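Here the structure is laid out as C-alpha cells; the discussion comes afterwards.
The values are calculated or read from the model by the stated rules, or taken from the named source; none is laboratory data. This one's a predicted model, so the numbers in the text were calculated from it and none came from an experiment. Neighbour counts run over all protein chains shown; Cβ positions are idealised from the backbone, glycine included. To get the accessible areas, we keep the full protein, side chains included, count just its heavy atoms, and leave off ligands, DNA and RNA. Shrake-Rupley method; radii C 1.70, N 1.55, O 1.52, S 1.80 Å.
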Amino acid sequence: MLDLVRFELKKLLARRTSQVVAVGVLALLCVIMALNVVQTKTRSDAGEIVGGTAAIAQQKARAEAHEGVLTVERVQEEVAAYKALAFSKVDPAQVEGLNAEAAYTLMNEAYSEDEFRAIYDTYFSYLLSPWITGGLEQYQVAAQLGDEDVAGFYGAVAAMLQRALDDGMGGTWTFSDAERAYWTDKQAGVGEPLAYGYAGGWADVMACIGFLAFAMVAVCVVLTPVFAGEYQDRTDAVLLAARYGRSKLVAAKIVVSLLFATAYFALATAVIMGVALAFFGAEGGDLPVQVLGLGIPYDLTMAEATWTAVGLGYLMTLGLAGLTLLLSSKLRSQLAIFAACAALIFLTGMIPSGGSGALQHVLYLFPINALNDQVLYNALVSYPVGPLVVDLVGLLAVAYALVLVVCAPLAARAFRRHQVM
C-alpha cells in the first residue's frame, strides 16, 4: 500500500500543470501578503501619512496606550476624559440637537486639525459604539451620556445585540424566537469585564483568511486529473484490470489526494499567518475577540477565533477536495471539473444578495463569503430548524465534513465500477 501511495504522490506532483498552479498560487499569496504590509497606511501623531512597518508601529502604539481591562470604573473615566477633550471648546448642548453633518462642521471649525483628529480616535469610537445609533457622531452620543448610562456599559453592549436582532440583517431576515434566544444566550456567555489592547497580527490574519480560497482552487486543479486523467489517457483499463486496481490503488489515490490537500493548505496558511504575525506582531492572542467589535457574541480569544477560522478553511479544503474527486471519477472533461469547483469558490461571491436574507444565508456557506471577518463572527448568521439553531461556524464545520465523508467514498466507488470503453 505504501508503494502505491508513493507512486500516486509522484504521479500527482509530476504533472506540469499541477506544479505551475501550486507554485504560482503560493507565490501569489506571498505577493498579496507583502502588499498587505506595504499598503498599510495611517496618520502619525504629527499628521503625516505613514505606511508599511511605520504605520503598523503607529497603530500598535495607539492601541497599547489604551490597553487594559475595561472595568465599568475605567470606562467611566475614559468617557469622562473623552467628553473633556471633545467639549473643551464647544458646549455639549450645541451638538446634541444637530444632525451629523452639521455637528461635524461645527466641531471641525472649533478645533484644530490635531485636536479634531484626537476627537476621532478609533479607540473612543470603539468605546462609545454600544450607544451609537441613528447615524450620530460619537461626540453627539458622548454629549447625551450621563454617569448612570456609562455605568451600564455592559448592559449597553448587550442592547447592541438586541438592536442587531431587531434590525434583522438590514431588514432582510426575521430572526425566530429560537434564534433570538440562541444569540442572547451566546452573548450572555461572553466573559466580563473585557480587555482591550493590541492584537494587530491576529486581526490581520482574520482579515486575510479569505485568501485561502486561492489555495482551495489550487487543490482542485491538482486533484482534477486523479481519475479523469486516467480516462483521458486511456490508462483506466490497465489500472482496473491490475491486481489491486479496484482496491488498494483507488484507496491510495484518495489518501494521496487528501494528504496533498492537507499539506498544501498548511503551506498556504503558513504564508498568510507567518507574514501577518511576523510584521504585525503575535501579541494579543489572549485578548477577547471583542477587540474587533464589542458586539461580537462569541466567548473566544483572538487566537482561538483565528484558529477556528483556519480550521473551517481546512474543512472546506478537504470538502472541496472530496467533491473534486467525485467529479473526477464521473466526468472525463477536466475543464468542466475545474469550472464547477471555481464557480463554487469564486462566483458565489459575485452574486448580488443584498436584498434577500435567505439568499445571503445560502451564499454564506461558500468559502469566499464565509471566510470573511465581517461575516463569520459579526453577522449573526444562524440557521433555525424548529427549536434547533445552528450558527454559521457550526454549520460550515458539519456541512464540509459531511461533503468529504460522502464524496470521497462515492468517488472510489464510481471509479471501481467504471465501465472501460
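Largest first, the residues H66, H361 sort by 1.4 Å accessible area into H66, H361. Unpaired Cys in the chain, meaning no second Cys C-beta under 4.7 Å: C30, C208, C407. When I132, I254 are compared by accessible area of protein heavy atoms, the largest-first order is I132, I254, using a 1.4 Å probe. Ranked by the mean number of other Cβ atoms within 10 Å per residue, highest first, peptides 154-162, 270-278 order as 270-278, 154-162. Modelled this way, with points 7 Å down the Cα-to-C-beta line, the labels at E73 and T42 are 2.9 nm from one another. Ordering P130, G97, S329 by the projection of their Cα atoms onto the charge dipole of the chain, which places +1 on the Cβ of Lys and Arg and -1 on the Cβ of Asp and Glu, puts S329 at the extreme positive end. Residue ranking by accessible heavy-atom surface, 1.4 Å probe, largest first, among R6, R332 comes out as R6, R332. Cross-link partners of K83 among lysines, defined as those whose alpha carbon lies under 27 angstrom from its own and excluding same-chain residues fewer than eight positions apart: K60. Within straight-line reach of K248, meaning a Cα separation under 26 Å, sit the following lysines at least 8 residues removed in sequence or on another chain: K10, K11, K330. The residues of the chain expose, per residue, 45 Å² of accessible area to a 1.4 Å probe. In the complete set of protein chains, residue-level accessible area for E48 is approximately 120 Å², probe 1.4 angstrom.
For the chain, averaging the sequence separation of C-alpha pairs within contact (under 8 Å, six or more residues apart) and dividing by the residue count gives a relative contact order of 21 percent. A simple spin-label model places pseudo-atoms 7 Å from Cα toward Cβ; at Q374 and L35 they are separated by 1.9 nm. Would you mind checking the tilt of helix 248-280 against the longest principal axis of the Cα atoms of the chain, expressed as 0 to 90 degrees and rounded to 10? So the helix axis and the longest Cα principal axis differ by about 20 degrees.
Between the range 321-372 and the range 15-41, the C-alpha centres lie 22 angstrom from each other.
Adding -39500 (n - 2.57) for every DSSP H run of four residues or longer, then dividing by how many residues the chain holds, sets the calculated 222 nm ellipticity at -21000 deg cm²/dmol. Note on K248/M350: beta-carbon distance plugged into 1/(1 + (r/R0)^6) with R0 of 45 Å gives a FRET efficiency of 0.60. Computing Rg/Rh (Cα atoms, Kirkwood Rh) directly from the structure and comparing it against (1) 1.30; (2) 1.07; (3) 1.02 singles out (2).
Note on K89: no lysines have a C-alpha under 25 Å away, same-chain residues under 8 apart excluded. May I ask for the distance between the Cα centers of the range 82-122 and the range 285-314, given as a whole number of Å? Computed from Cα coordinates, the inter-centre distance equals 34 Å. Computed packing ranks the peptides 104-112, 219-227 as 219-227, 104-112, most packed first, by mean other Cβ atoms within 10 Å. Relative to the longest principal axis of the Cα atoms of the chain, the long axis of helix 334-345 lies at roughly 20 degrees.
Just the protein heavy atoms count here, and of the accessible area of the chain at 1.4 Å, carbon and sulfur take up 62 percent.
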